[in-house]
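Presented below is the structure to which this report refers.
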């Protein structure tokens, strides 16, 4: 396998450290009421945590993908239907925050209540995924 890596723990820690930095930035964005970008960073927190788990379990570099459910399925973790739905929704935060044709609608959707609801779900997923490591 050409994708095999030697220092698995170092790569896992890299993904987790990066996710932690994104978590901190996400919290600052919430404090400044920049909700759409906070949810975008929430997507990155979950993506990078999944990539840490991918490296840990499969002992190779994570695939290039922003699709959270796809990453989770590659790792073969047991997801509830609810967690699958959450991963699908959180994946949309990546597209909606980045691409102009989605930005305004997403910005309007990202009220304080909507954002807090999804940040709670992101945190539950983050903790659950880290417990899988």
From (1) modelled with pLDDT of 95 or more; (2) under 14 Å from residue 39 (Cα atoms), pick out the condition that doesn't hold for residue 97.
-> (1)
Scanning segment 100-123 for residues that are without any contact (Cβ under 8 Å) to a residue 12 or more places away in the chain and either outside any helix (DSSP H, G or I) or more than 22 Å from residue 82 (Cα to Cα) (or both), the one nearest to the chain's Cα centre (by Cα) turns out to be 102
For segment 49-67, indicate whether the set of residues that are more than 17 Å from the chain's Cα centre (by Cα) and on the phi > 0 side of the Ramachandran plot is non-empty.
-> yes
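The values are calculated or read from the model by the stated rules, or taken from the named source; none is laboratory data. From a predicted model like this one, the values you see are computed outputs, not experimental measurements. FYI the Cβ positions are ideal-geometry reconstructions off the backbone, even for glycines, and counts take in every protein chain you see.
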